[in-house]
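Read the figures in this text as sums done on the coordinates, not as results from a lab. What you are looking at is a predicted structure, and each value in this text was computed from that prediction instead of being measured.
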Amino acid sequence: MNAKPFLDSNIIVYAFTSNDWRNAKAEALLAAGGIISVQVLNEFVNVSRRKHRREWDEIQEALQVLKILLDAPQPLTLEVHEAAVAIARDHGFSIYDSLIVAAALQAGCSLLCSEDLHHGQTFGRLTIRNPFAE
């Protein structure tokens, strides 16, 4: 098992959002290191541009920080996709949330930090934890 947690997109977004009460906790999680997927990077860029209206230079700087602090992102593969489809079917998650769970499982993580998923739910050895609920 991977001792590092898998960090969902919302953790990354909050780490770069200074006017949000979740920022300090998200920054601490990021600074401690973790695992993400290419999907997390894509979602971060999308939220940064559309919701937060950040400029491309600022987004690029944030992506560089992620490269320094976190392990190399997990790729979106056919295997991850197929696992995500099964998770979506069996647990009623959206395909995008299921891709996060599948990538965390593929990375061998025992902890998935997410605000959006069911706190305390387990998938084998993987446990979902909402760090903002504590």
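Points to keep in mind about this one:
- Helical contribution to [θ] at 222 nm, DSSP H n ≥ 4, -39,500 (n - 2.57), averaged over the chain, rounded to 500: -16000 deg cm²/dmol
- Amide H contacts for GLN74 (H built 1.01 Å from N in the peptide plane; partners 5 or more residues away or on another chain; cut-off under 5 Å): ILE36, SER37, VAL38.
- Note that segment 1-79 shows a convex hull volume over its alpha carbon atoms of 93 Å³ per residue.
- Long-range HN-HN contacts of LEU111 with modeled amide H, under 5 Å: PHE6, THR127
- Short-range pairs are left out: with C-alpha atoms under 8 Å and at least six residues apart, the relative contact order of the chain is 30 percent.
- DSSP-defined beta bridges in segment 6-129 - what % are antiparallel, rounded to 5: 20
- Kirkwood Rh (inverse of mean 1/r, distinct Cα pairs), the chain, angstrom: 14.8
- Using C-alpha pairs under 8 Å with a sequence gap of at least 6, the mean separation divided by the residue count of segment 1-67 gives a relative contact order of 31 percent.
- Within straight-line cross-link reach of LYS51, lysines at Cα separation under 27 Å, skipping those fewer than 8 residues along the same chain: LYS25, LYS67
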